Amino acid sequence: MKALRLPRSTERLSFRSMQHKDHPLLKNIFQDKDVMRYYADLKSEKEINEWIHWNKSHYLSYGVGMWIVEDRHTQSFIGQCGLVPERIEGNISIELGYLLTPENWGLGYASESAAMVRDFAFYSLAIPKLVSVIDPANTPSIKVAENIGMTYQRPVRRWNRSLSLYAAERS
């Protein structure tokens, strides 16, 4: 069992582990058609519970997962950002993921949280390479990836679609 460690707070954001009590917060993103436009599908109530359980199991097995991102001063829910081991084309990679509520889009929170998680992965966990799998039509997500130093690598298949693999390596 790995010890769960969290990225440190930024000036505006804090990170915490996901809990079952977060179901209503996660429902706001996983059942929003605009948020989930570039994903396989909306998540059902059961799938949201499974997502929370999956992340909690990753905390125990790997010491990482998706973390809840909150406004550091108000503790209001902004979204989720974190690290998950994913099988991509037969290889296990550490994927940096981020997904925010629509009211928090365009405020720099995605880049801020992703940069903190990237730095945490590289310098606290000594992970040498991170990837993100992004729908090529999702230009805001691509912009976040590029803002934190990720570059396009190649197309990959996920959810029976062609997506784009972005990556960054620790310098």
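Couple of notes before you dig in:
- Probing with 1.4 Å while keeping every protein chain in the model, the per residue accessible area of region 15-171 equals 50 Å².
- For region 102-171, the direction-averaged projected area of the alpha-carbon convex hull comes to 5.1 nm².
- A convex hull fitted around the alpha carbon atoms of region 18-106 yields 116 Å³ per residue.
- Summing +1 for each Lys or Arg and -1 for each Asp or Glu among the other residues whose beta-carbon sits under 14 angstrom from that of Leu96 gives -3.
- Protection proxy ranking of 27-35, 59-67, by the mean of other Cβ atoms within 10 Å over each peptide's residues and highest first, is 59-67, 27-35.
- Inter-part distance where region 82-127 and region 10-66 are each reduced to a Cα centre, Å: 13
- Couplings 3J(HN,Hα) of region 16-24, computed from phi: 8, 5, 6, 10, 4, 5, 7, 3, x Hz, in residue order, whole Hz [Karplus 6.51 cos²θ - 1.76 cosθ + 1.60, θ = phi - 60°; x for Gly and Pro].
- The GluC sites (Glu not before Pro) of region 35-99 that meet both conditions, a loop assignment by DSSP and at most 15 other Cβ atoms within 10 Å of the site Cβ, are Glu89.
- Within straight-line reach of Lys46, meaning a Cα separation under 20 Å, sit the following lysines at least 8 residues removed in sequence or on another chain: Lys21, Lys27, Lys33, Lys56.
- Just so you know, the Cα atoms of the chain work out to an Rg and Dmax of 14.9, 42 Å.
- Listed values for region 116-127 are Karplus-derived 3J(HN,Hα) couplings in whole Hz (6.51 cos²θ - 1.76 cosθ + 1.60, θ = phi - 60°), namely 5, 5, 4, 5, 4, 5, 6, 9, 9, 9, 6, 6, and x replaces Gly and Pro.
- Per residue, the chain reaches -8500 deg cm²/dmol at 222 nm when only DSSP H runs of four or more residues are counted, each adding -39500 (n - 2.57).
- Within the accessible area of the chain (1.4 Å probe), percent carbon and sulfur: 49
- For Tyr62 and Thr139, a Förster radius of 45 Å and the Cβ-Cβ distance give a FRET efficiency of 0.90, rounded to the nearest 0.05.
- Residues of region 85-113 with amide N under 14 Å of a point placed 7 Å along Cα→Cβ from Arg72: 109, 112-113
- Per-residue SASA remark: Thr139, around 90 Å² accessible (1.4 Å probe; ligands, DNA and RNA not included).
- Cut-off 9 Å between beta-carbons: net charge of the residues surrounding Leu42, Lys and Arg +1, Asp and Glu -1: -1
The values are calculated or read from the model by the stated rules, or taken from the named source; none is laboratory data. Small disclaimer: the values here were computed from a predicted structure and weren't measured. Glycine also receives a Cβ, built like all others from the backbone with ideal geometry; neighbour counts cover every protein chain displayed. Note: areas computed on protein heavy atoms with side chains; ligands, DNA, RNA excluded. Shrake-Rupley method; radii C 1.70, N 1.55, O 1.52, S 1.80 Å.
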